[in-house]
Amino acid sequence: MLPPGAAALVALPAMATGAEPERLRRAFNAAQLAVAAWTAAVLFRRLEGPRLLLGARYPAALLPALVAVLAFCLVNGALVTGVRLLAERRADRRGRAAIALPGPAALLHALGGLLMAVLWQGPYGGFAAVLALLPLSVSAWVLAQGQREWSAHRATVEALVQAVEIKDAYTRGHSERVGRASVLIAGQLGMAGERLRTLHFAGTLHDVGKLGVATELLRRNGPLTEAERRAVEVHPEYGHELVRGIDFLGEAHAAILHHHERMDGRGYPHGLAGDRIPEFARIIAVADAFDSMTSTRSYRRGRPVAEAVAELRRCAGSQFDPVMVDALVAAVDRHGWQPVLPAADPADADVPDIPLGVPEPAPRVSAGGGR
């Protein structure tokens, strides 16, 4: 509908939108869209797309439109990747994904744009084209609402994790690594979508119940007495109590409560066995133990990955689900594993204990893994 130069100018209002306050970033976003739109418009014209539209040869215009969409996505993705490479000095998985082929959403919006162009040439002109734009506008609004809700969920989880990390120095980084390892395991099992996101939340929040455990016990470098160990073993119930009112966590509730159960029924807090243990909890149990073994603490060095894997295999079937152990091993072989090992800060101030009113469970045999 517009020449390439005018099509590029359409992207400039993006400088005044978005949540980013930095003018430079907004300017780059607008310029990035302008360059991508200009490239797409030039290709569309070179392939005689406007002539095909004017000649009412709508199906024939699909090919130049598809080429234009592909060019827009590739240019846009290449620019984003270039900025990431300059900022991070390395290529990562997200950067490579940025220059992937357009997905269903991009193709759907492209067809909508082509429909608008056809309607614009008709007897009702721009009025009909604007009416066709309404469904796309509603779709974009719904998508933005979902993104804002997702951001709010992430902020809630991050606030809880930060509270635990302030109280327990060892938990710094451990929570996020367990969430990441849980996602690696689930990816090997074919899990995707909303369940995968919920699992990441569950893995990240698995130790949130430590907010209810005495700070002195969490920071103890040496072994615990039986009574002290029982006090620490209440943390899954504390965690469940803390998050049970957060609806978006879904399956994460049971995972937080049962991530210290064992396949042989000798875990805590309820002594569940086998498949009675929720799937998320069986995944997190392996991820938690793996990161605990490979992480360095103040009183011991972390084990090599190969040694930790051997220990997981030795305990598969009794403590851990063999399926989850195999999935972790395959994921580590494929993606690698390098835990971040932040040093504990001895200057941390004491944090008051939070009584949650959960009764202390009866003594059980220790399940090993993370404390």
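Where a number appears in this text, it was derived from the coordinates with a stated rule and is not lab data. Note that the coordinates shown come from a computational prediction; the quantities given were computed from them, not determined experimentally. So basically every Cβ, Gly included, is an ideal-geometry build from the backbone, and we count neighbours across all protein chains shown.
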Phi to ³J(HN,Hα) by Karplus 6.51 cos²θ - 1.76 cosθ + 1.60 over segment 134-145, Hz, x for Gly, Pro:
4, x, 5, 5, 5, 4, 5, 5, 4, 4, 5, 4
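Classify segment 221-281 as rounded, prolate or oblate from the Cα gyration tensor: take a ≥ b ≥ c as the square roots of its eigenvalues, call it rounded if a/c is under 1.5, otherwise prolate when a/b beats b/c and oblate if not.
Details: a/c = 2.85, a/b = 1.32, b/c = 2.15.
The shape class here is oblate.
Using mean Cβ contacts within 10 Å as the protection proxy, how do 178-189, 219-230, 193-204 order, highest first? Intermediate values should be presented prior to the final figure.
Values: 178-189: 22.6, 219-230: 12.1, 193-204: 20.0.
Taking the mean over residues of other Cβ atoms within 10 Å, the ranking is 178-189, 193-204, 219-230.
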Please list 3J(HN,Hα) in residue order for segment 155-160, calculated via the Karplus relation 6.51 cos²θ - 1.76 cosθ + 1.60 where θ = phi - 60°; whole Hz, with x for glycine and proline.
5, 4, 5, 5, 5, 5
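Name the shape class, rounded, prolate or oblate, that the alpha-carbon gyration tensor gives for segment 148-335, where a ≥ b ≥ c are the square roots of its eigenvalues, rounded holds for a/c under 1.5, and otherwise prolate holds if a/b is larger than b/c and oblate otherwise.
Working: a/c = 1.29, a/b = 1.01, b/c = 1.28.
It comes out rounded by the Cα gyration axes.
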Tabulate in residue order the Karplus-calculated ³J(HN,Hα) for segment 254-265, using 6.51 cos²θ - 1.76 cosθ + 1.60 with θ = phi - 60°, rounded to whole Hz; enter x for Gly and Pro.
5, 5, 5, 6, 10, 6, 10, 6, 10, 5, 8, x
Spelling it out for Ala316: with amide H atoms placed in the peptide plane at 1.01 Å from N, the residues 5 or more places away or on another chain with amide H under 5 Å from its amide H are none
Show the residues, 5+ positions off or on another chain, whose built amide H is closer than 5 Å to the amide H of Arg297.
Gly302
